[in-house]
1. Look at region 107-124 and say how many of its residues are closer than 12 Å to ILE139 by Cβ and surrounded by 13 or more Cβ atoms within 10 Å (Cβ to Cβ).
2. What's the total number of residues in region 95-145 that are under 18 Å from ILE80 (Cα atoms) and among the acidic types (Asp, Glu)?
3. Please work out if TYR14 is aromatic (Phe, Trp, Tyr) and farther than 20 Å from PHE142 by Cα.
4. If we keep just the residues of region 1-22 that are surrounded by 22 or more Cβ atoms within 10 Å (Cβ to Cβ) and aliphatic (A, V, I, L, M), which is farthest from ALA45 (Cα to Cα)?
5. Among the residues of region 39-59, are any at pLDDT 95 or above, of a type in the set (D, E, K, R) and within 18 Å of VAL119 (Cβ to Cβ)?
6. Can you tell me which residues in region 23-48 are more than 20 Å from ASP101 (Cβ to Cβ) and either buried (at least 18 other Cβ atoms within 10 Å of the Cβ) or among the aliphatic types (A, V, I, L, M) (or both)?
7. Answer yes if at least one residue in region 79-88 is modelled with pLDDT of 95 or more, among the hydrophobic types (A, V, I, L, M, F, W, C), surrounded by fewer than 16 Cβ atoms within 10 Å (Cβ to Cβ) and under 20 Å from ILE23 (Cα atoms), and no otherwise.
Amino acid sequence: MILYLDTSSLVKLYAEESGSPEIRMLVESAFTVATSRAAYVEARAAFSRKRRENGLEDIIYRQMVDDLNQDWGYYFIIEISGPLVTLAGGLTEKYPLRAYDAIHLASAIRLKDEGNVEVTFSSFDQRLLQAAKVEKLIIPAFHNS
């Protein structure tokens, strides 16, 4: 399976949250795990917010960052390009998406279309999941329950 993780799913690999076990199982069964270049800064921002606002200990924060940095090279990264941004802009007209959510959806669509492959799409944002379904991305069963 080719698995695309938006940032809400990616963070669950590094921070124990609701949905973390399901994401780990998906990743373990995936042939390729893909995400947008933007997910790196979004994940780092999420980690920093957990430290600032939720009292995440510095040692745990540092381990999360180190683990992300170590794993990053294993992910298939979708680069943000002019055509991708144009596609994302069009998606904001079709769906009620925030900017980076549109970037994630455009990245997964590009992966599906350019590779002519099925892509499983994971997100914990319901609007993004609904748009992904319409765009013919595969949604893991646990997101539908």
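1. Final tally of qualifying residues: 7.
2. 3
3. no
4. LEU3
5. Scanning region 39-59, I find no residue that is at pLDDT 95 or above, of a type in the set (D, E, K, R) and within 18 Å of VAL119 (Cβ to Cβ), so the answer is no.
6. Those that are more than 20 Å from ASP101 (Cβ to Cβ) and either buried (at least 18 other Cβ atoms within 10 Å of the Cβ) or among the aliphatic types (A, V, I, L, M) (or both): MET25, VAL27, ALA30.
7. Scanning region 79-88, I find no residue that is modelled with pLDDT of 95 or more, among the hydrophobic types (A, V, I, L, M, F, W, C), surrounded by fewer than 16 Cβ atoms within 10 Å (Cβ to Cβ) and under 20 Å from ILE23 (Cα atoms), so the answer is no.
Residue-wise test of (1) among the hydroxyl-bearing types (Ser, Thr, Tyr); (2) in a loop (DSSP other than H, G, I, E, B); (3) within 22 Å of ASN144 (Cα to Cα); (4) free of Cβ contacts under 8 Å to residues at least 12 places away in the same chain.
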{"position": "THR86", "(1), (2), (3), (4)": "yes, no, no, yes"}
{"position": "THR92", "(1), (2), (3), (4)": "yes, no, no, yes"}
{"position": "PRO96", "(1), (2), (3), (4)": "no, yes, yes, no"}
{"position": "HIS104", "(1), (2), (3), (4)": "no, no, yes, no"}
{"position": "ALA108", "(1), (2), (3), (4)": "no, no, yes, no"}
{"position": "LYS112", "(1), (2), (3), (4)": "no, no, yes, no"}
{"position": "ARG127", "(1), (2), (3), (4)": "no, no, yes, no"}
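The values are calculated or read from the model by the stated rules, or taken from the named source; none is laboratory data. Only a predicted model underlies this, so the values are computations on that prediction, with no experimental measurement involved. Here the Cβ is made from the backbone with ideal geometry for all residues, glycine too, and neighbour counts use every protein chain on show.
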